[in-house]
Amino acid sequence: MKDRKILIVDKTFQYSFIKKNILLMLFTFLLIFIVLSIWEKLQVRQGFLLRPPQNGEIIAWAKANNVSEGSAEFLRQFILRAKVYTFYQLLWMPMLLVMVINVIVLVIANIYYSNTIIGPIYRLKMFLERKIKGEEIEPLHFRKNDAFYDLAELVNKACNIDIKK
């Protein structure tokens, strides 16, 4: 049996299937962001990564305020002017990128997966409609990787159709 060329057979079912899976994934990422945000608020701003200020900035401040470069005040100002990155600040962009890639992969995977379910159902529906109308029908066949693969044989037997035509 040749592969179907049309992946979207039943738009209502397949789009609903994809939408539900994407909403579930978005809920998961929202939950992760909420947990990270709460974690960010609860943590002491001790930082995860420190980017020191430009050396000239601290030296200029020290000269303007008559503070020697080796003093405790110089070191304190150096630390205060350093940029502190938290865990959340470092991760939100990569997580967003992963989420976008995941949505794309999920949509593609759901189209193919839902097709293995809705394809046989659609084919069975068309088969039964032709049978009810009294039209000439050929034996019902599904692809081996489709869901309900064994159902085609049962329907053919129930309709007294010789499979070896």
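The values are calculated or read from the model by the stated rules, or taken from the named source; none is laboratory data. Because the structure is a prediction, the values reported are computed rather than measured. Please note: Cβ atoms are built from the backbone with ideal geometry, for glycine as well, and neighbour counts cover all protein chains shown. Remember, those area values only see protein heavy atoms, side chains included, never the ligands or the DNA or RNA. Shrake-Rupley method; radii C 1.70, N 1.55, O 1.52, S 1.80 Å.
The table for this structure:
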{"quantity": "Lys/Arg +1, Asp/Glu -1 at C-beta; the chain dipole; positive extreme among TYR112, PRO53, HIS141", "calculated": "HIS141"}
{"quantity": "Whole-Hz couplings from phi, Karplus 6.51/-1.76/1.60, listed for the stretch 122-134; x for Gly and Pro", "calculated": "5, 4, 5, 4, 5, 4, 5, 4, 5, 5, 5, 6, x"}
{"quantity": "Principal axis dimensions, largest first and in whole angstrom, of the chain by Cα", "calculated": "101, 28, 21"}
{"quantity": "Cβ-based net charge around PHE78, under 10 Å, with every Lys or Arg adding one and every Asp or Glu removing one", "calculated": "-1"}
{"quantity": "Length added when fully stretched, PHE13-ALA158, from 0.36 nm per residue minus Cα-Cα", "calculated": "49.5 nm"}
{"quantity": "With every protein chain in place, the stretch 68-165: carbon and sulfur % of accessible area (1.4 Å)", "calculated": "65 percent"}
{"quantity": "Integer Hz, Karplus 6.51/-1.76/1.60 couplings in order for the stretch 95-107, x for Gly and Pro", "calculated": "5, 5, 4, 4, 5, 5, 4, 5, 4, 4, 4, 5, 4"}
{"quantity": "Accessible area per residue, Å², the chain with all protein chains present, probe 1.4 Å", "calculated": "74 Å²"}
